[in-house]
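Just so you know, all these numbers are worked out from the coordinates, no wet-lab data involved. Source: prediction; values computed, not measured. Cβ placement follows ideal geometry from the backbone for every residue including glycine, while neighbour counts extend to all protein chains displayed.
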Amino acid sequence: MKTERSGASEKAKASVRRRYAGAETVAADPKGVDSGPHFMDGDHALAEGALAAGCRFFAGYPITPSTEAAERFAERAPEVGALFIQMEDELASIAALIGAAWAGQKCMTVTCGPGFSLMVENLGLAAMTETPMVIANVQRGGPSTGLPTLTAQQDMMQAKYGPHGDNAIIALSPDSPQECFDLTVEAFNLSEFYRVPVIILTDETVGHMHEKVVIPPADQIKVIPRNNYSGPKEDCRPYKFDCQGGHPMVRAGDGYNFHITGLTHNEKGYPVMTAEQNVKVVTHLMEKINGNADEIVRLEEDQIDGAEVVVVSYGITSRIAVKAIQDARKEGIKVGSLRMITIWPFCEKRIREISAKVKAIVVPEINYGQMVLEVERNAGGRCKVISVNHCGGAVHDPQVILDAIRKASQ
Amino acid sequence: MSTQEIRFSGFGGQGIIRCALITGKALSLYDDKFATMTQAFGPEARGSACAAQLVVSDDRVLYPYITHPGILMALSQEAYDKYYSELPKGGTLIVEEELVKLRGEHPDLRLLRVPATRYAEELGNRLFTNLVALGFFTAVTDVVSADAMKKALPGLVPDRFLKINIKAFDKGYEYGLNLIGKDNSGDAS
């Protein structure tokens, strides 16, 4: 109970609410924007999205099925004036990102399950030190080295719960190469504003499939620029535990004295290892994301009003689900669709609302049942929740999802 | 909604993946269609059987993989052996005439044969085999326009070989038109 009260009082301290939607944006630097229509795979689109968003530092270690993103970035880096480093492993890759971010760079890495597992320790450090970065996990079948060249969505929970301790990150899930581009730009903007690692949870199918990708002109791409503190030395605070985004970074080398540590710290960044301080820090880390879920969460909905069954899906599975939904509608079943573009924070409120109005929610995903647990938790027994799981290596047969919709409607 | 599923196959190094890339780019950028391309990502990338798939539609492609291919292009024996049986009755089978020994007459299929490798060698290099085959494919099917295919080439073949690749495409295209008795005069090029 004490923790809840402390959290509430921290939230109440925020006198002026800084909104993501109201954050200052600038047009993208045309040097990084390869405008025009392309026939491109999702991995390449991830790299193009990063370059368009102003990312000029990439450190990574090649791993199937994400390697093409690193290749594209490396190929484009010289012409854009970006730096690409192939590191010795994934631990070093994300460590380099943390350093680059505090040196003022927008930065990115790409990997998949086995590499992401190695990044998890420093992902926690990045979250604790509120270091902006974008990590794309092009998921392949697991566990362990599993199925290097085949698709999966098995790292959904790991993205949030991988690091030890409480921490909140943002995760987005594109359903096409076009969205790999669009959501990478969005990921950088969210990452800059909330000063948090943003994870793009895509998969081998989307990463390796080619489709039309339209990259807009630079002046139509809005990016949130790095916000570096430039005020008087005595007022310099790399942190502000007010449960909000929008607090400036301090750039190493700009002459300010500050400290960056994974230990529980004060607003100058120096260690203060007490239970009281941890209330402030942890509450802030959690609430700046979860407390702003309404601003962060993006969903795509179709015919949910009046539906008796709603299919909740994400990534490549949402496209397979639409095929099943179309067939179910032909049979007269009133079925709606909710596609989660944002995975974390989870769309708790919307699931609670929907669960009060429908007979059942169907959750197809290429794992043994991960996001369905969040759906169940928020549905709270108000409707049936049906998991349509798949152990990875392929996408669902639409017929399997159709059968689940039929069952759900009875 | 009309959807077509196409498989390009051969051995690694023949430019099979490139065939699908060029066709997919032509369709989705210049022919106003939706095209989704997927490819085999195993250790078979070189020398062994290799395939790339295209789903083509007037509307957004939802399911990205092919399930009932209507057109198969097989530029090697192994590819032909592996894939021909998945074609439905009336399906289109395009084979490399001198590399593929047919296992029967395939009376249920629309069978078309092109000596793509020989024509490519006549143009100076068997690396152009895929473009001869693509020209042939464009002529004998109604999937994609020749105009769109040629527009799609820059960026997908090296600049200095663009002209000779177009020549290879034209060679296969004309051979295909002659074979099916279609007049070339009105076609965009």
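Within the stretch A:144-186, the proportion of C-alpha pairs whose separation exceeds 13 Å stands at 67%.
Averaging the inverse of every distinct alpha carbon separation and then flipping it gives the Kirkwood radius. What is it for the stretch A:6-141, in angstrom units? Hydrodynamic radius (Kirkwood, Cα only) of the stretch A:6-141 equals 16.1 Å. Is the shape of the stretch B:59-154 best called rounded, prolate or oblate, per the rule: a/c under 1.5 gives rounded, else a/b larger than b/c gives prolate, else oblate, with a ≥ b ≥ c the square roots of the Cα gyration tensor eigenvalues? Judged from the Cα gyration tensor, the stretch B:59-154 comes out oblate (a/c at least 1.5, b/c at or above a/b).
For chain B, a crude dipole built from +1 on the beta carbon of Lys and Arg and -1 on the beta carbon of Asp and Glu, taken about the Cα centre, is about 400 debye to the nearest 20. Answer with one residue from B:112, A:167, A:232: the one whose Cα lies farthest towards the positive end of the charge dipole of the protein assembly as shown, charges on Cβ with Lys, Arg +1 and Asp, Glu -1. Of the listed residues, the answer is A:232.
The alpha-carbon atoms of the stretch A:84-130 define a convex hull whose volume equals 70 cubic angstrom per residue. Packing, as the average of other Cβ atoms within 10 Å across residues, places the peptides B:121-128, B:9-16, A:272-279 in the order B:9-16, B:121-128, A:272-279, highest first.
Normalised by 2.2 N^0.38 Å, with N the number of residues, the alpha-carbon radius of gyration of the stretch A:252-410 equals 1.37. Taking the square roots of five times each eigenvalue of the Cα gyration tensor of the stretch A:164-255, the equivalent ellipsoid has semi-axes of 32, 18, 10 Å, listed largest first. The dipole here belongs to the protein assembly as shown: it is taken about the Cα centre, uses +1 on the Cβ of Lys and Arg and -1 on the Cβ of Asp and Glu, and is about 980 debye. Annotation: average projected area of the stretch B:109-160 is 4.2 square nanometres, based on the convex hull of Cα atoms across all directions. Peptide A:131-139 has a mean of 0 when you count, residue by residue, the C-beta atoms of other protein chains within 10 Å of its C-beta.
Computed over the stretch A:60-197, the P(r) tail beyond 27 angstrom holds 12 percent of alpha carbon pairs. Coordinate range of the alpha-carbon atoms in chain B per principal axis, descending: 38, 37, 36 Å. When each of the peptides A:165-177, A:106-118 is scored by the mean number of other C-beta atoms lying within 10 Å of its residues, the order from highest to lowest reads A:106-118, A:165-177. Please work out, to two decimal places, the log10 of the ratio I(q)/I(0) at q = 0.18, 0.33, 0.35 Å⁻¹ from a Debye calculation in which every Cα of the stretch A:62-104 carries one identical scatterer. With no solvent term, the Cα-only Debye profile gives -0.59, -1.11, -1.11. Computed from Cα positions, the angle between helix A:2-13 and the longest principal axis of chain A comes to roughly 70 degrees. Over the residues of the protein assembly as shown, the helix contribution to mean residue ellipticity at 222 nm works out to -11000 deg cm²/dmol, using -39500 (n - 2.57) for each DSSP H run of at least 4.
Rounded to the nearest Hz, the phi-derived 3J(HN,Hα) couplings of the stretch B:68-84 under the Karplus curve 6.51 cos²θ - 1.76 cosθ + 1.60 (θ = phi - 60°) are 9, x, x, 10, 10, 9, 10, 9, 9, 4, 4, 5, 4, 4, 6, 10, 4, where x marks glycine and proline.
Once the mean of 1/r is taken over each pair of separate Cα atoms and inverted, the stretch A:306-359 shows a Kirkwood hydrodynamic radius of 11.7 Å. Annotated for the stretch A:154-278: lysine pairs at least 8 residues apart or interchain, Cα distance under 30 Å, count 7. Lysine pairs in the stretch B:78-189 whose alpha-carbon atoms fall under 23 angstrom of each other, counting only those eight or more residues apart or on distinct chains, come to 14.
Peptides B:98-109, A:284-295, ordered by how many other C-beta atoms sit within 10 Å of their residues on average, highest first, read A:284-295, B:98-109.
For residue A:388, the amide hydrogen comes within under 5 Å of the amide hydrogens of A:363, A:365, counting only partners 5 or more places away or on other chains and with H modelled in the peptide plane. Mean partner shielding of peptide A:208-220, defined as the number of other chain Cβ atoms within 10 Å of each residue Cβ, is 4. Scattering from the stretch B:1-106 was approximated by placing one identical point on each alpha carbon and applying the Debye formula without solvent; log10 I(q)/I(0) at 0.10, 0.18, 0.20 1/Å stands at -0.27, -0.85, -1.02.
Principal axis extents of the C-alpha atoms in the protein assembly as shown (largest first, rounded to whole Å): 84, 60, 41. Between A:48, A:121, A:88, which gets the highest mean-square fluctuation from a Gaussian network model of chain A, Cα cutoff 10 Å? Maximum among the listed residues: A:88.
Each of B:123, A:151, A:361 was scored by the projection of its Cα onto the charge dipole of the protein assembly as shown, and the greatest displacement toward the positive side belongs to A:361; charges sit on the C-beta of Lys, Arg, Asp and Glu.
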